[in-house]
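Below is one structure, written out as C-alpha cells, with a few remarks after it.
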Amino acid sequence: MTWVSKFAGVAAALAVTWVAAACSATTAGTPEPGASSSPPTGGSAAPKIEHPLPASLIQGNPCSVLTSAQVNGLFSRPPTHDAAAKDTGVAKSCFWRDVDRGSLIGIQLVYVWKHGLADVYAKRGQGFFKELAPIQGYPIVAYGPADDRAKGACDVAVGIADNAAFGVGVDVASSAVGKGDPCDDARKVADLALTTLKGNA
C-alpha cells in the first residue's frame with residue numbers, strides 16, 4: 001500500500017475548521033493569517049520566493065489543482081469530491097473524501113494572503129507552526145490552531161510568490177492514525193499540487 005492510500009475523509013465540521021484556520025475570519029482560538037494591506041509583522045520573516053509563480057494562479061479552480069491521476073493515486077479507491085469549488089470569502093476550496101475510511105484531502109487557493117506565506121508567518125506563536133523541507137524549491141509550513149498530528153490531521157501552506165500562497169489539508173484514514181506524521185502526507189499532496197500549478201503557469 002502506498003502512502004497516498006492512507007488518506008481519509010473527515011466530517012464536514014473538520015473541513016469547516018480547516019477553512020476557518022486558513023482565513024482572516026474571527027474564530028476563537030484560531031491563528032488566522034491576516035489579510036491586511038500592510039506588510040505583516042511578528043515572527044521570523046517568511047523565506048523569499050526565489051522563482052515566483054504567477055500570483056494569478058491563486059484565482060484559479062482548486063478542483064483542478066490535483067489531476068484525476070494524482071487523486072486516484074492518493075486514495076485506495078475513488079473518492080467522492082466537491083462538484084465545484086466553494087468560495088468561502090477568503091479562499092476557493094475543493095475537497096476529496098473517502099467517508100468510509102475517514103479520510104480527506106483539501107486544497108485552498110487563499111486569495112486573502114496578499115503577502116503570501118508572510119501572512120502565515122505573522123501568526124506563528126499563536127498555535128501550531130512548523131517549517132517543513134521545501135518542495136521543488138518553494139517554502140512550506142504546517143500550521144493550525146492546534147497540533148492535530150496525533151489525530152491524523154495536518155494543514156500546510158505553500159508560498160509560490162511573495163504575494164501568493166495556497167493551502168493543503170489532509171486527514172489520514174482512521175486505521176492509519178498514529179502510524180506516521182500526517183504533515184508528511186500533506187507535504188506530498190502539496191508537492192503534487194505544486195506540480196500542477198507550475199504546469200499551468
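The values are calculated or read from the model by the stated rules, or taken from the named source; none is laboratory data. Predicted model, so just to flag it, every value in this text is computed and none were measured. Methodologically, a virtual Cβ is constructed for each residue, glycine included, from the backbone with ideal geometry; neighbour enumeration extends over all protein chains shown.
The residues of the range 147-176 that are at pLDDT below 95 and hydrophobic (A, V, I, L, M, F, W, C), listed by number, are 172, 173, 176. The set of residues in the range 94-107 being outside any strand (DSSP E or B) and of a type outside the set (D, E, K, R) consists of 99, 102.
Here residue 166 meets the list (1) free of Cβ contacts under 8 Å to residues at least 60 places away in the same chain; (2) in a strand (DSSP E or B) almost entirely, failing just condition (1). Among the residues of the range 86-103, which ones are crowded, with 20+ Cβ neighbours inside 10 Å and free of Cβ contacts under 8 Å to residues at least 60 places away in the same chain? Selection gives 92, 94. For the condition assigned to a loop (DSSP other than H, G, I, E, B) and not aliphatic (A, V, I, L, M), residue 185 does not qualify. For the range 108-157, filtering for residues that are in a strand (DSSP E or B) and acidic (Asp, Glu) leaves 2.
Counting the residues of the range 157-177 that are acidic (Asp, Glu) and buried (at least 21 other Cβ atoms within 10 Å of the Cβ) gives 1. Cβ-Cβ contacts under 8 Å between residues 6 or more apart (or on different chains), taken from a first residue in the range 124-147 that is more than 13 Å from residue 183 (Cβ to Cβ) to a second residue that is assigned to a loop (DSSP other than H, G, I, E, B) and among the hydroxyl-bearing types (Ser, Thr, Tyr), are listed as 124/44; 127/30; 145/27; 145/30. Scanning the range 54-79 for residues that are over 15 Å from residue 167 (Cα atoms) and in a loop (DSSP other than H, G, I, E, B), we see that the one that is modelled with the highest pLDDT is 54.
For residue 190, state whether it is under 13 Å from the mean Cα position of the chain (by Cα), closer than 20 Å to residue 80 by Cα and of a type outside the set (S, T, N, Q).
yes
Looking across the range 127-140, the residues that are closer than 15 Å to residue 193 by Cβ and surrounded by 16 or more Cβ atoms within 10 Å (Cβ to Cβ) come down to 132, 135, 138, 139, 140. Quick one: in the range 80-93, of everything that is in a strand (DSSP E or B) and over 13 Å from residue 58 (Cα atoms), which residue is modelled with the highest pLDDT? Among residues in the range 80-93 that are in a strand (DSSP E or B) and over 13 Å from residue 58 (Cα atoms), the one modelled with the highest pLDDT is 86.
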